[in-house]
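Take a look at the structure set out below.
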Amino acid sequence: EEVSTQSTGLAEGTTLSNMLVLFSTGLLTASLVSILLGGTMCAIVLCSAHYECNPDNISTPIAASLGDSITLGILSIVGSLLFHLPDKATQMGVCIVVIAVFIATIPPLLVYSWNNRYARPAVLQGWVPILLAMLISSGVGMIMGRVAEKYPSVVVFLPIINGIGGNLAAIQASRLSTSFNLFGRTDFSEWRTSLFLLFLTIPGHAVFLFVEGLVHPSSHIAAPFYTAFFCSALVQVAILLGMSYVMVMMSPHLRNLDPDLYSIPLLTALGDFLGTAFLSLSVLVLDSAGLFTPGD
């Protein structure tokens, strides 16, 4: 028999079985995505070494792009399988077993990781930046929800500005982190790469905006919006590239934390926040000036 929301103290419309499905789906999805992406990144690094390419320029954007698409795909498949089990009792039983197995594997995996000298830094240092990135992403979700209510046509542009900006900053942070780990200092000669990545912002966004126009040909967005979009993207990427230097330079003052572990998660989360905030602010200014309407 389905547990009532009143007896469990959960919010209206939420049942205990739904909560168990949510938790078990998240655990299974995170584990499967980590395995797939981890194997993919190892293959990319090995192929880059074979063909004498810099993996910092390849692995980071591929990981970010594949991470989103693979996560959504596996999340939908696993969630559908668990949600459509024959009855509630079976559903709750399977979900409880999944959660229990994951909890039981924490101690042995933690010991194994601790005894591995390559994985130990991630065990010690990897939690804080991930949690901070999750908090920032939660704030981004609230802003996107407000924007979607008033300006639904703008929502389709948010993944474009956030994805490209975060990927460009992640490439620079990865290169700086490699330099720091190899030589113990930040390579300021990378400023040329920063300028190149900044200049890539305009053509990169232009390509995706063109594709978006082909996918949604009925969209009638005026020129002032595109001007505000490119200005927001440039400011976002410039701030993120500058912050990549600051984060890597702070490593010696943060108990020599590995910048690979904290810079990229924070930069990508901040990229989402800045892109969403700047574009939302631009739309509000255009709307107040009569240059943009919610129906556009």
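Stretching residue 235 away from residue 34 to a fully extended chain increases their span by 69.2 nm, per 0.36 nm per residue minus the current alpha-carbon distance.
What FRET efficiency do you get for residue 211 and residue 289 if R0 is 41 Å and r is their Cβ-Cβ distance, rounded to the nearest 0.05? For residue 211 and residue 289, the calculated efficiency is 0.90.
Annotation note: chymotrypsin sites (Phe, Trp or Tyr not before Pro) in the range 90-161 located in DSSP loop regions with a Cβ neighbour count of at most 13 within 10 Å are 118. The modelled label-to-label distance for the pair residue 68/residue 227, using points 7 Å beyond Cα in the direction of Cβ, is 2.8 nm.
Summary value for the range 19-142: 32 percent relative contact order, contacts being C-alpha pairs under 8 angstrom separated by 6+ residues.
Helix screen, the chain: DSSP H segments with Cα axial length of 30 Å or more and mean Kyte-Doolittle hydropathy at least -1.0 are 16-50, 59-83, 88-115, 127-150, 158-183, 223-249, 259-288. For the chain, the Kirkwood hydrodynamic radius comes to 21.7 Å, computed from all pairs of different C-alpha atoms. Loop exposure criterion: trypsin sites (Lys or Arg not before Pro), DSSP state outside H, G, I, E and B, at most 16 other Cβ atoms within 10 Å. Applied to the chain, the longest stretch between such sites is 1-116.
Here the spin labels are modelled as points 7 Å beyond Cα on the Cα-Cβ line, and at residue 85 and residue 150 they lie 4.4 nm apart. Placing dummy labels 7 Å off each Cα toward the beta-carbon, the span from residue 100 to residue 118 is 3.5 nm.
Highest-first packing order for the peptide set 19-26, 273-280, 49-56 is 273-280, 19-26, 49-56, based on the mean count of other beta carbon atoms within 10 Å.
The numbers here are math on the coordinates, done by the rules we state, and not lab data. This one's a predicted model, so the numbers in the text were calculated from it and none came from an experiment. Positions of Cβ are backbone-derived with ideal geometry, glycine not excepted, and every protein chain shown enters the neighbour counts.
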